[in-house]
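The values are calculated or read from the model by the stated rules, or taken from the named source; none is laboratory data. Keep in mind that this is a model prediction, so the values were computed, not measured. Here Cβ is always computed from backbone atoms with ideal geometry, including for glycine, and neighbour counts include all displayed protein chains. Only protein heavy atoms, including side chains, enter the accessible area calculation; ligands, DNA and RNA are left aside. Shrake-Rupley method; radii C 1.70, N 1.55, O 1.52, S 1.80 Å.
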Amino acid sequence: MTTTIDTTIHTLREEIASCETRLAELRTQLAAAEARSQTESRNEQKARKWPLEKDDYKRYGRQLILPEIGLQGQLRLKKASVLIVGVGGLGCPAAAYLAGAGVGTIGFVDGDTVDESNLHRQILHTTPKVGMSKVDSAIDYCKSLNPTLTYTPHRTPLTPQTALPTFTPYDLVLDCTDNPATRYLISDTCVLLCKPLVSASALRTDGQLMLLNHPSRPAGSVPARDSDSPPGGPCYRCVFPRPPPAASVVSCGEGGILGPVVGVMGVLQALEAIKLIAGGRRDRRYEPSLLLFSATADAPFRSVRLAARRPGCAACSARATVTRDALAGGSLDYVRFCGAVEPVRALGPGERVGAREYYAEEPDPDPDHVLVDVRDKVQFELCSLAGSINIPYSEIAATALPPRRRIYVVCRLGNDSQLAARRMKELGLGAGGKRWIGDIRGGLSAWREVDGEFPDYG
Amino acid sequence: MAEKTKTNKEDFIPLTVEFSGGLEMLFSNQKKHDVSIPARDESGNSSNIAFLVRYLCDNLMKDPKKEFFIQDNTVRPGILVLINDADWQLEGEDEYEVKKGDNILFVSTLHGG
Ligand SMILES: [Zn+2]
């Protein structure tokens, strides 16, 4: 009996020992397998290709998490190319935000160099860059902001001959220029190449913004009756079929411009571009509108409805006369179309004196003559000649002149002064020739020949 | 008599006229003007935008540079006319007959950048 039980116990002990050995072996194998599995899955993750670069997730993270952008929007921005025509008060802020947002390729067109008078609003250009090409200055800034993008320089001004080849590689164009002739040229080129155009402008404390040629359809195209695709959007010529009279066009140099006003408009251009690209659907129905911004108004933003494409439009209708051949062949003369301001020749040689002549011949103070400055009050307060009195051009008729034998008129450049002198004569202030009325040739700008320290605000 | 007073009152249409983009400088540097214009034009037709433009030029505009607002009897090129915030092309251009309380906005295009 005892022997049988002893045997059983022994056998069981051996079996347990064997099982434990086996168990230990299995545990080792399992641990090894688990370790291998983890490494493999880690390797697998390393090899996995993410759609954006590793650094892009961080760089664009704050906009990536917006439903308006998201991964797809960011990929569209990365693939997109945008051309900025004019790297000034509008182009600078627009470029900064497009580069910041990650628009894959940004092109810059401008033939100008940086001037000191640009710096209060053209935020990519800095004091040490005065004299540098605006295009190079902007690319320099954008590269340091976002080195991962492609920047293409076009360092010459846009002309009818260069417009088509310059625009062709881009998806979208921003009109950031400052004169009517170039605005018509840009719009025509966008229509010919079926590219949407974000157009903005600014002067003094006002700005305007339009999204044109969107959706971008060929000239004269009419959507099929059964399709629900919308018709093409109006172009610049649809809104302004004829250019304004050249004399009514006021530049920022003449009228002035507040930096943040033009900045707001440039930022809005970048915003329109980002919305259009990231949204992906270039075909969406769009109600054409014009956004008016007025910094001094109680409600600074106002949007007004524009009409659809103009049936007889010279650029985008079935009767278009603006064609690729006409453009490339140079038969469209935009400068002539918009006209030029004729030089003012209102006075004869005997009615005009040079700055040095006036300085040499007219003692100051002098009971025999008076110097009338016809610039507006703001400019007069900025700087004026000793002894001069201010009668703004529009107030000549209503203001009595001091009783002197000779009246000299001066203005900023010597144009308004001629018109003012002529107006005084028409009003009979010349007393039938007894009193001499004339102007200072070249205005205060010429006065710097006499006094190099006289301020130049131009 | 009551009838007559009523008719007199209806001889004029009160409107809001606004100028933007620098045009306000031609109109005493004031962007918004409340005006009342005759309900009928020189020929006795209902007053339309064409008449309003002539009326403003003759009565509201103090600046002598008329050609900066009007050319060939209509607003000069480069001025958009907005009738209650819509391009006048959508409303019949200068033939649109003005109504009491209309807002007519004249915008000069800007070119600076
Ligand atoms: Zn058009």
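General remarks:
- Total charge dipole magnitude, the protein assembly as shown, about the Cα centre, Cβ charges on Lys, Arg, Asp, Glu only, Debye to nearest 20: 840 debye
- Here the range A:27-113 is described by how far its Cα atoms reach on the three principal axes: 76, 26, 16 Å, from widest to narrowest.
- Net charge of neighbours whose Cβ lies under 12 Å from the Cβ of A:Pro234, counting Lys and Arg as +1 and Asp and Glu as -1: +3
- Of all stretches in chain B that contain no GluC sites (Glu not before Pro) in a DSSP loop with at most 15 other Cβ atoms within 10 Å, the longest one is B:43-113.
- Annotation for A:Lys54 and A:Thr296: the two label points, set 7 Å from Cα along the Cα-Cβ direction, are 5.6 nm apart.
- Dipole check for chain B: with +1 at the C-beta of Lys and Arg, -1 at the C-beta of Asp and Glu, and the Cα centre as origin, the magnitude is about 420 Debye.
- Radius of gyration and Dmax over the Cα atoms of the range A:40-167, both given in Å: 17.5, 62
- Among A:Cys176, A:His369, A:Ile186 the positive-end extreme of the charge dipole of chain A (Cβ point charges): A:Ile186
- For chain A, the residue among A:Pro51, A:Ser227, A:Thr399 whose Cα projects farthest onto the positive side of the dipole built from Cβ charges is A:Ser227.
- Using the 1.4 Å probe convention, the accessible area of chain B works out to 50 Å² per residue with neighbouring protein chains retained.
- Bridge orientation summary for the range A:80-338: considering DSSP beta bridges with both residues in this region, about 50 percent are antiparallel.
- Loop-located trypsin sites (Lys or Arg not before Pro) across the range A:363-415 with a Cβ neighbour count of 14 or fewer within 10 Å are A:Arg405, with loop assigned by DSSP.
- Once the GluC sites (Glu not before Pro) in DSSP loops with at most 15 neighbouring Cβ atoms within 10 Å are cut out of chain A, the longest remaining piece is A:69-448.
- Solvent-accessible area, 1.4 Å probe, carbon plus sulfur percent, for the range A:170-234: 50 percent
- Under the combined filter of DSSP loop state and at most 12 neighbouring Cβ atoms within 10 Å, the range A:419-458 retains these trypsin sites (Lys or Arg not before Pro): A:Lys434.
- Distance violations [Cα-Cα > 18 Å] among A:Lys78/A:Lys275; B:Lys62/B:Lys99; B:Lys31/B:Lys100; B:Lys32/B:Lys100; A:Lys54/A:Lys78: B:Lys62/B:Lys99; B:Lys31/B:Lys100
- Working note: Debye formula, equal point scatterers on the alpha-carbon atoms of the range A:213-351, no solvent; log10 I(q)/I(0) at q = 0.17, 0.20, 0.22 Å⁻¹ is -1.24, -1.37, -1.39.
- Taking a ≥ b ≥ c as the square roots of the eigenvalues of the Cα gyration tensor, the protein assembly as shown is classed as prolate, since a/c reaches at least 1.5 and a/b is larger than b/c.
- Relative to the Cα centre, the charge distribution of the range A:369-408, modelled as +1 at Lys and Arg Cβ and -1 at Asp and Glu Cβ, gives a dipole magnitude of about 260 debye.
- Portion, in percent, of the accessible area of the range B:11-108 that falls on carbon or sulfur, probe 1.4 Å: 45 percent
- Positions from the range A:227-264 whose accessible area shrinks by 30 Å² or more when the full protein complex is built, not the chain alone, probe 1.4 Å: A:Phe240, A:Arg242, A:Pro244, A:Pro245, A:Ser248
- In the A-B interface, the accessible area buried, summed over both sides, Å² (probe 1.4 Å): 2800 Å²
- Here's the picture: charge each Lys and Arg Cβ at +1 and each Asp and Glu Cβ at -1 in chain A, and of A:Ala202, A:Ala246, A:Gly442 the one pushed furthest to the positive end of that dipole is A:Ala246.
- From its DSSP helices (H runs of at least four residues, each -39,500 (n - 2.57)), the protein assembly as shown gives a residue-normalised ellipticity at 222 nm of -10000 deg cm²/dmol.
- Cα→Cβ-extended label distance, 7 Å offset, between A:Glu361 and A:Thr127, nm: 4.3 nm
- Averaged over the residues of A:87-97, the number of partner chain Cβ atoms lying within 10 Å of the residue Cβ comes to 1.
- Alpha-carbon centroid distance for the pair the range A:187-258 / the range A:387-448, whole angstrom: 42 Å
- Loop-located trypsin sites (Lys or Arg not before Pro) in the range A:129-229, at most 11 other Cβ atoms within 10 Å (DSSP): A:Arg225
- Gyration tensor verdict on the range A:349-447 (Cα atoms; rounded if a/c is under 1.5, prolate if a/b is larger than b/c, oblate otherwise): rounded
- Overall form of chain B: prolate. Here a/c, set by the Cα gyration tensor axes a ≥ b ≥ c, is 1.5 or more, and a/b is the larger of a/b and b/c.
- A 1.4 Å probe run over the range A:349-447, with the rest of the protein chains in place, finds 52 Å² accessible per residue.
- Accessible surface comparison of A:His154, B:His111, probe 1.4 Å, protein chains only, largest first: the order is A:His154, B:His111.
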